[in-house]
Amino acid sequence: MSSMHLSQLHKWMLSSPPIEWAVNQLRELLIGALRQGPVPQHIAFVMDGNRRFARSHKIETVEGHNLGFEALARVLQNDPIFWIILEVCYKSGVKIVTVYAFSIENFKRSKYEVDALMAMAKIKLQQLSQHGELLQKYGASIRVLGQRDLVKPDVLEAVDRAVELTKNNGDCILNICFPYTSREEITSAIKSTVEDYSRPLSAQARPFSQTRITQKIRSRNLSTSPLRSTSPTPSTSDVDDSISSSTTLHTDSPNDGQEGPLYPDPETITSSTIEEHLLTAGNPPLDLLIRTSGVKRLSDFMLWQCHEDTEIVFLDTLWPDFDLWSFLPVLVEWQWKQKHIEEKGSANGIKKPKIKVR
Amino acid sequence: MSVASRERDIYRRDAKVDHNLLTPAERERLLEPYLPTPPTRSASKRGRKDGIPSIRIDQPKSSRLGVRKFLKTQLHVLLYVIVHAVFSVYIRFRQAYHAVKDRIFAILYYHHRTPELIQKDVKGLSRLPQHLSVILKLEDGGRGGAGLEALVDEVAEIAAWCACVGIPMLSVYEQSGILKGYLPATHRAIARKLSSYFGPQHPALSLRAPHVPSMESPSSPPTSDAPGASSKTLSILLLSSEDGRDSLVDLTKTLAEMSQRSKLSSKDISPDLIDAELSESVMGEPELLILFSPSVELSGYPPWQVRLTEIYHVQDNQGVGYQVFLRALYNFANAQMRYGR
């Protein structure tokens, strides 16, 4: 109870106009300052803790989710998506933000909650679409990663509209993982790789025909050989060579035809082949993954993307409480670590720093 | 009531009725004061507002703005340096604090190589992981085998603790996979460590690595006349980075080959199939993953299997320690650690 009062007082203090102004200035200044250092190119968030927040504040779960959406807006006091794009991407220079909005596993929750979440997503996306021009102004594009077939058609329509509207904005990307699990993502990547590799190579695709080339060679040999016959020994060998090569060419081509469909070699599959089929294909590697609410699990999120040298940070704050002031320390520590890696790298001369300095 | 909270109230009321209260234009006006200056290419759209210091330099008063911009950048650089200076002081203190705390933990909880003490430490825990995984790092400072020796010793220690606690399955991840080349020697070292903990009747031990053909080498206790006391088996699995992405790539290759020979349709590929294959050839999902590094970085740990694994690390911790192991188990069981025994 006392903590409630305290937070009330805190809120009152913070909302008095001069302090509000000062805090805003300070925030701008800090973000501007941190931009001077290395900035992660790709950050992922697991927005966890909405339900617990609701429970601890004795509000309904669905309302908690709504507040969770609003949490992003806490700093900006406005729409969440804008918060992410503006505060994180635009101001601090992060290129890509990926958020875990809804897991496939979440369908196991009560129907009431799932429906409410879906309705909320739909409304938020619709609202977003209304601000197309604004999004364009800041070059923010929205992508929705996940299993489309699990989403109801009306929500899907809203998704498609938002994605379609912003697809040409190239500066920064917000990936919303909605119904997503990483295992499904990896599975579908493997599946599409397998499909790619079991499509027969089409020899006709090239505009050159092998028979025509052999004919040309033969006809040229026929025409050149009498001319060259004036010069003694090498010419005969030349003709012999060309004849033999033409015969090999000739014998080869039907062989190719007989073998039936030709497939690409599966040995050429590498991890980057699979990576190109992931939903995050083309995004820079994940630099930072932040999970709120003190749960120390990945919960099927970005498994492939984060298991190498991504810095994973588990925070105890619940998502509705998460704001710039909990984000900045993480960013500063990340920058500090990058500097250390760089120093060590220059000392050892082996390990390369993971970031590009802007 | 401040401007911001009034606006937030309006926004919330709007959200309550599913954003039907405000028109998009009204909402945009609400947003206006919070928007940063848009990028230069769309500067023409809002050309009137040149009162605010902006990043545009194509203004007639460019010299003044240039100076302003320069000063602002200088201020930012200065602030950046200050922030990082303060932060490095802070982190030294934090590291020192954690080092002291870890020392105290290490003194309070020491195993004395006695299985009974370790068992007493974990007695109150409601649950134990059935499959524990650890990430170790090869310290290749000397390059002369000292790092390898330390690594083998760490594996042996952790194996002994697991045997004492009663965890049947331990997987050890080390990125380079150097241990896989020394399977017999590692096995010997672990067996020696176990007997130094347990005496003559130590639990059976099996050590293997994926893709290494039949390196299963169970060692029954030397005195096999008392099998009842220590019939438990500890199986240890050595992993390296090639069991991560590469195993998924290998699986894809196999599946592609099968599909080319039309032994398999791509519709058959499901998470269950992949999961079954991977848990057969590499391992199943560990329940608890302990990192002994100062921060969480998986450095190539098998991605498929960490899906729901509880990841534990001690902030700023450096090196393998019994207290980290114990704290991880307490954390896993959601138990409070009481200082002292």
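General remarks:
- The residue list B:ILE118, B:LEU151, B:LEU138 was ranked by how far each Cα lies along the charge dipole of segment B:108-154 toward its positive end, using unit charges on Cβ atoms, and B:ILE118 comes out on top.
- Distance in nm between pseudo-label sites at B:LEU78 and B:ARG192 (7 Å out along the Cβ direction from Cα): 6.2
- Association of chains A and B removes close to 7300 square angstrom of accessible area from solvent, both sides included, for a probe radius of 1.4 Å.
- Shielding by partners, peptide B:263-274 (average Cβ within 10 angstrom, other chains): 4
- Sites A:SER56 and A:LYS108, calculated FRET efficiency, Cβ-Cβ separation with R0 30 Å, nearest 0.05: 0.85
The values are calculated or read from the model by the stated rules, or taken from the named source; none is laboratory data. Keep in mind that this is a model prediction, so the values were computed, not measured. We place every Cβ from the backbone using ideal geometry, glycine too, and count neighbours over all the protein chains shown. Ligands, DNA and RNA are stripped out before the accessible areas are found, and what is left, the full protein with its side chains, is counted by its heavy atoms. Shrake-Rupley method; radii C 1.70, N 1.55, O 1.52, S 1.80 Å.
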